[in-house]
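The values are calculated or read from the model by the stated rules, or taken from the named source; none is laboratory data. These figures come from a predicted structure and were not determined experimentally. Cβ coordinates were reconstructed from backbone atoms using ideal geometry, including for glycine residues, and neighbour counts include every protein chain displayed.
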């Protein structure tokens, strides 16, 4: 098992402060990720240190700039980044994870169970299917990380958000510029450059009424 001090050291560039119990959750999550990844393709990253920085560090970096409250939806959750990782730093957040692949849903549910998380709903629908069944869901925030066509996803996600609801996207800088120029119904904040992330950034916008 990885040393807690090693985790804190690897997260230092991101300016993230975690409690001892939150570090324990990261360790448990990481251990499950590495073990399950030998059997199903959850991530192409096999190195433990890189998993901590690329998955946990880049996901949790958002918490330096934004506090998430209420109800959150994450699209194409995969191995749970950023949506389930954000649950660690925002334990009161009610999180809905959309993941259509059954084996990945099983992994997400195991992380939720083992890390003793509450108020997490792992669902099988794709975004368009979920929108049809929940046309006025009223989420306070939403996220996705490099899945599908961002412009299509934004147009689908925006109606699910409350007025002023936050949209958080993990993208490359080139794609983020395209998305910001093309997006309607969203007002964007300045782009957040991810430490050690190279071209990777986080875009945060608010749904316009």
(request) Would you point out the residue of region 44-73, among those that are in contact with a helix residue (DSSP H, G or I) (Cβ under 7 Å, 6 or more places away or on another chain) and in a loop (DSSP other than H, G, I, E, B), that is surrounded by the fewest Cβ atoms within 10 Å (Cβ to Cβ)? (result) 45
(request) Answer yes or no as to whether residue 107 is crowded, with 21+ Cβ neighbours inside 10 Å, part of a helix (DSSP H, G or I) and on the phi < 0 side of the Ramachandran plot. (result) yes
(request) Identify the residue in region 121-154 that is farther than 18 Å from residue 77 by Cα and out of contact with any strand residue (DSSP E or B) (no Cβ under 6 Å at 6 or more places or on another chain) and, among all such residues, is modelled with the lowest pLDDT. (result) 135
(message) Where the second residue is at pLDDT 95 or above and exposed (fewer than 12 other Cβ atoms within 10 Å of the Cβ) and the first is under 19 Å from residue 101 (Cα atoms) and lies in region 118-135, which pairs have Cβ atoms under 8 Å and are six or more apart or on separate chains?
(response) 124/102
(request) Taking only region 155-186 into account, find how many residues are over 19 Å from residue 72 (Cβ atoms) and touching a strand residue (DSSP E or B) at 6+ places or on another chain (Cβ under 8 Å). (result) 6
(request) Could you please give the count of residues in region 120-138 that are out of contact with any helix residue (DSSP H, G or I) (no Cβ under 6 Å at 6 or more places or on another chain) and part of a loop (DSSP other than H, G, I, E, B)? (result) 7
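Taking residue 16 as the residue in question, decide whether it is part of a helix (DSSP H, G or I), closer than 28 Å to residue 193 by Cβ, more than 15 Å from the chain's Cα centre (by Cα) and touching a residue at least 24 places away in the same chain (Cβ under 8 Å).
Criteria not met by residue 16.
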(message) Go through region 185-209 and report how many residues are surrounded by fewer than 16 Cβ atoms within 10 Å (Cβ to Cβ) and part of a strand (DSSP E or B).
(response) 2
(message) If I go through region 85-97 residue by residue, how many of them are buried (at least 23 other Cβ atoms within 10 Å of the Cβ) and either touching a strand residue (DSSP E or B) at 6+ places or on another chain (Cβ under 6 Å) or without any contact (Cβ under 8 Å) to a residue 24 or more places away in the chain (or both)?
(response) 4
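Can you say whether residue 82 is surrounded by 21 or more Cβ atoms within 10 Å (Cβ to Cβ) and closer than 25 Å to residue 163 by Cα, as far as the supplied structure shows?
So residue 82 fits the description; yes.
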(request) Only residues that are under 20 Å from residue 86 (Cβ atoms), without any contact (Cβ under 8 Å) to a residue 40 or more places away in the chain and either more than 11 Å from the chain's Cα centre (by Cα) or part of a strand (DSSP E or B) (or both): list them for region 140-155, please. (result) 150, 154
(message) Condition first: over 22 Å from residue 151 (Cα atoms) and either in contact with a helix residue (DSSP H, G or I) (Cβ under 9 Å, 6 or more places away or on another chain) or part of a strand (DSSP E or B) (or both). Now tell me which residues in region 74-102 satisfy that.
(response) 79, 84, 85, 86, 87, 88, 89, 90, 91, 93, 94, 95
(message) Testing residue 165 on (1) within 17 Å of the chain's Cα centre (by Cα); (2) at negative phi; (3) assigned to a loop (DSSP other than H, G, I, E, B), one condition comes back false. Which one is that?
(response) (3)
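Return the residues of region 168-184 that are outside any helix (DSSP H, G or I), modelled with pLDDT under 85 and surrounded by fewer than 16 Cβ atoms within 10 Å (Cβ to Cβ); say none if nothing qualifies.
Here is the first cut: in region 168-184, the residues outside any helix (DSSP H, G or I) are 168-172, 183-184.
Cutting the leftovers down to modelled with pLDDT under 85 gives us 183-184.
Hit for region 168-184 is 184, nothing else.
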